[in-house]
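The values are calculated or read from the model by the stated rules, or taken from the named source; none is laboratory data. Please read these numbers as outputs of a predicted model, since none were measured by experiment. Glycine gets a Cβ as well: all are built from the backbone with ideal geometry, and neighbour counts include every protein chain shown.
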């Protein structure tokens, strides 16, 4: 549960062993290779040069070919697998074996070729359908297209707006020698043919132009429009059938899906090594790189490098530049899921602390308080366990499942203490039979002075919401005190004792002094806290700023801590909101059974229950997660967290389609 210690690494090796050494470093997964500072401009690196690029582009292109082929298989022959089906596992040696890549690329090329042929056929079929559609209005014209004109006459086809009366058309053509026929019509247009002598073409066009006449040229063909129409449809169907056969042939390659997926991941490992190789500097016979090494794996790295002709050294990071050091967190099973939360905000700086151990108890607790329902908690718990069992996830997805499990357990426990199970559904159903049912028995009574609090705590009764609000503020005070304490520790560690003791600790001394006074104790503790505050401003301030700094510190500190404490009231607000909404849906659903249980009333209840609680669950899941994040990021982290760390990205095996079989 810490930030993994890092060391700077420098290595120079023999060029002939570069590929094999990078492969070994990938298997170790503990070295990040970076560009040497200053590039070859540094005097000691003057003999080295950057390697020629190009291999990365080539391998990426090959991987793209295989990935595109897999997408086509997923489109035309989707794999039959469940939602939570885990990835297939392969041995590491098989993943890194590139002997089958040539065959995989050939298969991918055949798949892409079949797809290209199918798309070409479909394009041609689409053009044929377009030709048929263009011929549709003219199928009643019993004139072959090749006989539309002679030496002295020609036939002109065109359209007229349907709104133009035929009388106007006849009147416009009455003084011309022309044969005018209506072929067909629809709601917007009339499709007409005109037969006239060639020398009358301009006169006829001038007569019809004011009426909106538009000449049309039909696609080339032989025979009447109906024959051309039928032939175009027939060719379209034939081309579509040919395309379907190509798609069917493409789908038959689904048997090679696993091999192609393995090939894609094999290329991923090769691309990672080639990208790393581009960061190296090299001469005619040697290569050099700088990077970072996780300190716990230094001995293991030494054992690996002893097999190669190379020289290497490590050194501690520069304490003056912690921002240069990459960050890797090392946590146990309980705290590892909170990597998601930390990464959503920012990784810690190298001179900071891993926040996960401090996040874990409060994040789950706050989430559980706000969700506070046994049934909802069970849903989260079962969902997380089922996902872990069936999908066998790794990395971030495994962390997400762990977060679901921990938040589900917390939600169930708080729900048990408040008696919530889908709100008050058990009590509502009991009312149908005239019974007072409860899923949680009486757990006892807590006495605080003259106040008696019964458990389970019914949020809809008496002063119980007020008790929850007070408890939320107390939890907030503990949370803020922990954050302030961590901040004081970090400042003391860095030698900033005046700022730590006189500016941060003083407020908690004053708060303790106020509590002592309220309980009838001495005022000395309060005066000590005030004195620490004044002294801190006198030491850190300059000139007249010492005086104004005191007033500013009092105002900012008082309003800041008060605002932070009040922010924790959201714990009560969301707990109460979720409980009330659940109860409202239960009451609405039970209206049909108000006078006794009926079939119709029960059906209504089931419908309202399912829809209402699905909405309540979804909205509260999002709301509780967001507000829990806010309490961590703003109130808690604001007291101590040093962010800005960059992730440690070692050369290691990363796959998309397969998992490495653990030995």
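For the range 304-315, which residues satisfy the criterion of being touching a strand residue (DSSP E or B) at 6+ places or on another chain (Cβ under 9 Å) and loosely packed, with under 15 Cβ neighbours inside 10 Å?
Of all residues in the range 304-315, those touching a strand residue (DSSP E or B) at 6+ places or on another chain (Cβ under 9 Å) come to 305, 308-315.
Selection gives 309, 311, 313, 315.
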Unique residue being more than 30 Å from residue 648 (Cβ to Cβ), modelled with pLDDT under 95 and crowded, with 16+ Cβ neighbours inside 10 Å when the list is 69, 77, 108:
77
Go over the candidates 455, 460 one by one and state the one that is in contact with a strand residue (DSSP E or B) (Cβ under 6 Å, 6 or more places away or on another chain) and farther than 30 Å from residue 634 by Cα.
455
Any residue in the range 239-268 that is without any contact (Cβ under 8 Å) to a residue 12 or more places away in the chain sitting within a Cβ distance under 7 Å of a residue that is surrounded by 17 or more Cβ atoms within 10 Å (Cβ to Cβ)? List the pairs, counting only those 6 or more apart or interchain.
none
In the range 202-230, the residues that are within 20 Å of residue 146 (Cβ to Cβ) and assigned to a helix (DSSP H, G or I):
225, 226, 227, 228, 229, 230
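For residue 301, are the conditions met, namely being in a helix (DSSP H, G or I), buried (at least 21 other Cβ atoms within 10 Å of the Cβ), touching a residue at least 60 places away in the same chain (Cβ under 8 Å) and touching a strand residue (DSSP E or B) at 6+ places or on another chain (Cβ under 7 Å)?
Taking the combined requirement at face value, the residue satisfies it.
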Of the residues that make up the range 229-248, is at least one surrounded by 13 or more Cβ atoms within 10 Å (Cβ to Cβ) and more than 25 Å from residue 117 (Cβ to Cβ)?
yes
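Criterion first (within 30 Å of residue 387 (Cα to Cα), modelled with pLDDT under 95, in contact with a strand residue (DSSP E or B) (Cβ under 8 Å, 6 or more places away or on another chain) and surrounded by fewer than 17 Cβ atoms within 10 Å (Cβ to Cβ)) does residue 40 satisfy it? Let's see the steps before the verdict.
On the way: within 30 Å of residue 387 (Cα to Cα): no; modelled with pLDDT under 95: yes; in contact with a strand residue (DSSP E or B) (Cβ under 8 Å, 6 or more places away or on another chain): yes; surrounded by fewer than 17 Cβ atoms within 10 Å (Cβ to Cβ): yes.
It is false that residue 40 is within 30 Å of residue 387 (Cα to Cα), modelled with pLDDT under 95, in contact with a strand residue (DSSP E or B) (Cβ under 8 Å, 6 or more places away or on another chain) and surrounded by fewer than 17 Cβ atoms within 10 Å (Cβ to Cβ).
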When you scan the range 454-497, how many residues do you find that are over 26 Å from residue 584 (Cβ atoms) and either modelled with pLDDT of 90 or more or part of a helix (DSSP H, G or I) (or both)?
22
With the range 316-418 as the region, which helices (runs of 4 or more DSSP H) entirely inside it contain at least 3 residues that are surrounded by 21 or more Cβ atoms within 10 Å (Cβ to Cβ) and touching a helix residue (DSSP H, G or I) at 6+ places or on another chain (Cβ under 6 Å)?
356-371, 374-391, 396-418
Quick one: would you say residue 99 is more than 20 Å from residue 235 (Cβ to Cβ), modelled with pLDDT of 90 or more and surrounded by fewer than 13 Cβ atoms within 10 Å (Cβ to Cβ)?
yes
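Identify, from the list 303, 313, 323, 298, the residue that is assigned by TED's automatic domain parsing to the domain that holds residue 13 and under 30 Å from residue 633 (Cα atoms). Lay out the reasoning, then the answer.
Numbers: 303 fails: under 30 Å from residue 633 (Cα atoms); 313 fails: under 30 Å from residue 633 (Cα atoms); 298 fails: under 30 Å from residue 633 (Cα atoms).
None of the others qualify; the one that does is 323.
Looking at residue 258, is it at pLDDT 90 or above, within 27 Å of residue 62 (Cβ to Cβ) and out of contact with any helix residue (DSSP H, G or I) (no Cβ under 8 Å at 6 or more places or on another chain)? So that I can check it myself, show each step before the final result.
Numbers: at pLDDT 90 or above: yes; within 27 Å of residue 62 (Cβ to Cβ): yes; out of contact with any helix residue (DSSP H, G or I) (no Cβ under 8 Å at 6 or more places or on another chain): yes.
Considered against the rule, which asks whether it is at pLDDT 90 or above, within 27 Å of residue 62 (Cβ to Cβ) and out of contact with any helix residue (DSSP H, G or I) (no Cβ under 8 Å at 6 or more places or on another chain), residue 258 comes out as yes.
Being part of a helix (DSSP H, G or I) and modelled with pLDDT under 90: is that true of residue 239 here? Let's see the steps before the verdict.
Values: part of a helix (DSSP H, G or I): yes; modelled with pLDDT under 90: no.
Spelling it out, it is not the case that residue 239 is part of a helix (DSSP H, G or I) and modelled with pLDDT under 90.
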